[in-house]
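Single-structure report; data block below.
Every number in this text was worked out from the coordinates using simple rules, so none of it is lab data. Treat the numbers as computed from the prediction; the structure is a model and nothing was measured. Cβ: placed from backbone, ideal geometry, glycine included. Neighbour counts: every protein chain shown.
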Amino acid sequence: MLVQIESPGARPRLPEFLRKPQSEYQAVTALKRELRSLHLHTVCESARCPNIHECFSRKAATFMILGNLCTRGCSFCSVPKADPKKTPFELDADEPQNVARQAATMGLRYVVLTSVNRDELPDGGSEHWAATVRAVREALPEAQVETLTPDFNGDLAAVERVLAAGPHVYNHNMETVSRLYRRVRPQADYAQSLRVLRYAKQAHPEILTKSGLMVGLGETDEEVRQLLRDLREEGQADIATIGQYLQPTRRNRKVARYVEPAEYEAWREYGESIGFKAVFAGPFVRSSYMADLVAHEAGR
Ligand code: SF4
């Protein structure tokens, strides 16, 4: 069912089911202060995630490594973008240890890592990725680590470098359906992202694989089902997440529709019927939302 969006050009008013009370200001401010003191970033802040108050108050956060500037220009994303030829990009050699230290301070039992794209680096940042996974595992041997990775331009040696560091869940988001890639993820490639996931599953079957997509970008129901089938075609993904796209800033792509809560249930049932171990779907679901519970449901 389509929820009507108001006047063209204006940011649409959110339907009631997408209004989330934000009350944990103290928890958010305190955690932001700790993160800044170690020069750390989170995608929670950079992507203006609507769950930030809820997650920060339960001491959950997704660390975003490799800096706070991205080399790509995906139209849904509010992480700052820049051209590395014109803007010096940072690579903080202390970041792996600082992420591990902060995760230990927070007492995390499940650590989610993600990064910006660093297409200008010869290894795509994969060694830095691996160093961060190793540092977290060393500091928190009891914790589980989920890596929400970029596509590394399809460089499977880079993918392998991250996998060899020993994450428990390897996550790579498809983000949207094949037809919308050119407008939503212009520097990415649908088949390439599927290949990355296929490699991860085939090379390391013991590691859970996961992928997420946003709805409300202009896709059809059948295209969503096709994407779910593509993720299961060769068993690439064990877990799928599906959530509503929300326009983070006026510069980002507009929301095409607000998906009614009941539709997520149908996708969840469909996904489970074609072999996913877990499908987490709902208006506020993000790839890293309640990642510990989702991994647990899938058998970790
Ligand atoms: S859902 Fe993920 S990105 Fe959003 S606040 Fe929670 S941990 Fe951060």
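For the residues LYS32, LYS86, LYS59, a GNM of the chain with alpha-carbon springs under 10 Å puts the largest fluctuation on LYS86. Quick check: from the Cα gyration tensor, does the stretch 252-295 come out rounded (a/c under 1.5), prolate or oblate? Oblate is the answer for the stretch 252-295, as a/c is 1.5 or above yet b/c matches or exceeds a/b. Over the chain, DSSP H runs of length four or greater, each weighted -39,500 (n - 2.57), average out per residue to a 222 nm ellipticity of -10500 deg cm²/dmol.
Looking at the chain, the DSSP beta bridges with both ends there are about 10 percent antiparallel.
When the Cα centres of the stretch 210-242 and the stretch 169-192 are compared, how far apart do they sit, in Å? Going from one Cα centre to the other spans 10 Å. Beyond 23 Å, the tail of the calculated P(r) for the stretch 1-148 holds 44 percent of the Cα pairs. As a proxy for reagent exposure, LEU180, LEU66 were ordered by neighbouring Cβ count within 10 angstrom, fewest first; the result is LEU180, LEU66. Taking the number of Cβ atoms within 10 Å of each Cβ as an exposure proxy, the fewest-first ranking of MET290, MET214 is MET290, MET214. The dipole here belongs to the stretch 186-300: it is taken about the Cα centre, uses +1 on the Cβ of Lys and Arg and -1 on the Cβ of Asp and Glu, and is about 540 debye. About the centre of its Cα atoms, the chain shows a dipole size close to 900 debye [charges on the beta carbon of Lys, Arg (+1) and Asp, Glu (-1) only; nearest 20 debye]. Contact order, relative form, for the stretch 23-297: 15 percent (alpha carbon pairs under 8 Å, 6 or more residues apart, mean separation divided by residue count). The fewest-to-most ranking of TYR270, TYR110, TYR170 by surrounding Cβ atoms within 10 Å reads TYR270, TYR110, TYR170. Using the Cα atoms of the stretch 23-297 to build a convex hull, what is its mean projected area in square nanometres? So the Cα hull casts an average projection of 13.4 nm². Of the residues GLY271, PHE63, TYR170, the one whose Cα sits farthest toward the positive end of the charge dipole of the stretch 23-297, with +1 on the Cβ of Lys and Arg and -1 on the Cβ of Asp and Glu, is PHE63. Shown for the chain: lysine pairs separated by 8 or more places, or found on different chains, whose C-alpha atoms are under 26 Å apart, numbering 12. Considering only LEU246, VAL99, ALA130, and ranking their Cα positions along the charge dipole of the stretch 23-297 that arises from unit charges at the beta-carbon of Lys, Arg, Asp and Glu, the one farthest toward the positive end is LEU246. If I build a Gaussian network model for the chain, linking alpha-carbon pairs within less than 10 angstrom, which residue out of ALA188, ALA266, ALA27 has the largest mean-square fluctuation? In the Gaussian network model the winner is ALA266.
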